[in-house]
Amino acid sequence: MSVIALDLGGSHIKFGLVENGQLLASANVAVPSSKSFEAVLPIIETQVELLLAAAGRQKITGIGMAFPTIVDSDQMRLLYKYTKYNDANDLDLVGWAKATWGVPLAMENDARAALIGEWQSGAGKGTDNLVMVTIGTGVGSAALVNGRLLKGSHYLAGNLGGHMAVNFDGGRCNCGNTGCLESEASSWALPEILKRQPGYAESPFAKGEKPDFEAVFRLAAVGESFALAVRERCLEAWATGILNLVYAYDPVRVVIGGGVMHSAGVILPFIQNKINHAAWLPANAVEVVAAQEPDWAGVLGMGHLALFFHAQDAFECSED
Ligand SMILES: [Zn+2]
């Protein structure tokens with residue numbers, strides 16, 4: 001059975017035609033930010049036709065969409081704004097999928113979709129107890145406990161690891177709290193993190209160096225003292241946040257993805273060491289690994305969820 005899976009990001013939509021867990025055709029398409037999501041739907045329809053043609057398939061049995069916001073994956077509703085397209089919450093996307101392709105629509109949060117993709121096809125294979133953390137512009141997370149995607153009563157469970165506080169005395173976060181993992185160590189917060197660090201005025205960042213993690217890790221690698229201090233602070237924040245997630249969800253493996261993993265050689269051993277030495281856990285209980293499908297985990301996972309959702313839907317119909 002073929003399903004179409006979409007992973008909706010800030011500037012691009014990733015598309016995949018997924019069959020038996022394999023990506024038969026894929027595309028990464030830039031979408032105009034000036035348009036409404038309603039205006040993007042025809043772009044999606046055209047792209048789906050292109051994927052079907054590329055893979056030599058006539059029809060699909062389901063469609064799945066992963067959104068960068070909190071999603072009610074039972075009623076297929078966005079519970080918070082999809083900040084790029086404020087009209088997305090009000091659209092009848094289930095009705096649109098039914099009218100366009102005659103198939104059910106599955107929806108899920110993008111971090112949960114990525115976790116499912118890594119679980120089925122990547123670094124999460126072989127275990128049913130998994131935490132996924134994506135460190136980039138923000139910090140996303142998701143948890144699989146005993147083979148079940150954790151959702152909770154408000155679809156928040158496991159999803160807000162980036163807003164677990166790691167420093168009650170820390171910087172202001174965009175969520176309203178202070179000292180969240182995101183506001184202590186993520187790309188959006190990094191310019192302020194750099195300014196708060198003692199010695200900023202004499203640092204390369206006050207003299208025009210780009211305030212991003214590429215620069216922090218590059219300068220730290222050659223021993224630049226300010227960058228080293230910032231790197232250590234962020235590593236401590238990530239390790240503390242991930243240790244909190246380990247206590248919360250008791251996984252056997254933590255999969256880390258996101259832009260900072262270009263520096264996985266520094267990040268993974270630091271966090272593994274923290275968990276090995278600071279955690280109240282049996283020896284070698286938790287393995288910290290890099291994502292294996294950093295670009296397509298969301299699409300692969302959404303493909304799996306769409307297939308499962310379709311199977312469930314068909315099962316329910318057959319009982320009527
Ligand atoms: Zn926060």
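The values are calculated or read from the model by the stated rules, or taken from the named source; none is laboratory data. Since the model is a prediction, treat every value here as computed from it, not as a measurement. Please note: Cβ atoms are built from the backbone with ideal geometry, for glycine as well, and neighbour counts cover all protein chains shown.
Please go through the stretch 56-71 and give me each residue that is in contact (Cβ under 8 Å) with a residue 12 or more places away in the chain and either exposed (fewer than 15 other Cβ atoms within 10 Å of the Cβ) or outside the structural domain of A30 (by TED's automatic domain parsing) (or both), ordered by number. Hit for the stretch 56-71 is K59, nothing else.
Check the stretch 115-137 and report whether any residue there is within 16 Å of the ligand (Cβ to nearest atom), surrounded by fewer than 23 Cβ atoms within 10 Å (Cβ to Cβ) and either in contact (Cβ under 8 Å) with a residue 40 or more places away in the chain or not assigned by TED's automatic domain parsing to the domain that holds E236 (or both).
So far as the stretch 115-137 goes, yes, one or more of its residues are within 16 Å of the ligand (Cβ to nearest atom), surrounded by fewer than 23 Cβ atoms within 10 Å (Cβ to Cβ) and either in contact (Cβ under 8 Å) with a residue 40 or more places away in the chain or not assigned by TED's automatic domain parsing to the domain that holds E236 (or both).
The helices (runs of 4 or more DSSP H) found wholly in the stretch 148-240 and carrying at least 1 residues that are within 16 Å of the ligand (Cβ to nearest atom) occupy 181-184, 190-196.
The residues of the stretch 271-281 that are surrounded by fewer than 19 Cβ atoms within 10 Å (Cβ to Cβ) and assigned to a helix (DSSP H, G or I), listed by number, are Q272, N273, N276, H277, A278.
Keeping to the stretch 244-267, report how many residues are within 18 Å of G138 (Cα to Cα) and buried (at least 17 other Cβ atoms within 10 Å of the Cβ). Give the steps one after another, and end with the answer.
Initial filter on the stretch 244-267 (within 18 Å of G138 (Cα to Cα)): 244-245, 254-264, 267.
Checking the rest, the ones that are also buried (at least 17 other Cβ atoms within 10 Å of the Cβ) come to 245, 254-258, 260-261, 263, 267.
Looking only at that region, the number is 10.
So which of V222, V166, V216 ends up being among the aliphatic types (A, V, I, L, M) and touching a strand residue (DSSP E or B) at 6+ places or on another chain (Cβ under 9 Å)?
V166
Tell me yes or no: at least one residue of the stretch 17-27 is of a type in the set (D, E), without any contact (Cβ under 8 Å) to a residue 60 or more places away in the chain and either surrounded by 13 or more Cβ atoms within 10 Å (Cβ to Cβ) or under 15 Å from G303 (Cβ atoms) (or both). Spell out the reasoning first.
Kept after step one, since they are of a type in the set (D, E), are these residues of the stretch 17-27: 19.
Filter once more, so that each one left must be without any contact (Cβ under 8 Å) to a residue 60 or more places away in the chain: 19.
With the extra rule that they be either surrounded by 13 or more Cβ atoms within 10 Å (Cβ to Cβ) or under 15 Å from G303 (Cβ atoms) (or both), the set shrinks to 19.
Scanning the stretch 17-27 turns up at least one residue that is of a type in the set (D, E), without any contact (Cβ under 8 Å) to a residue 60 or more places away in the chain and either surrounded by 13 or more Cβ atoms within 10 Å (Cβ to Cβ) or under 15 Å from G303 (Cβ atoms) (or both).
Only residues that are in contact with a helix residue (DSSP H, G or I) (Cβ under 6 Å, 6 or more places away or on another chain) and either among the basic types (K, R) or surrounded by fewer than 21 Cβ atoms within 10 Å (Cβ to Cβ) (or both) were counted across the stretch 150-172, and they come to 4.
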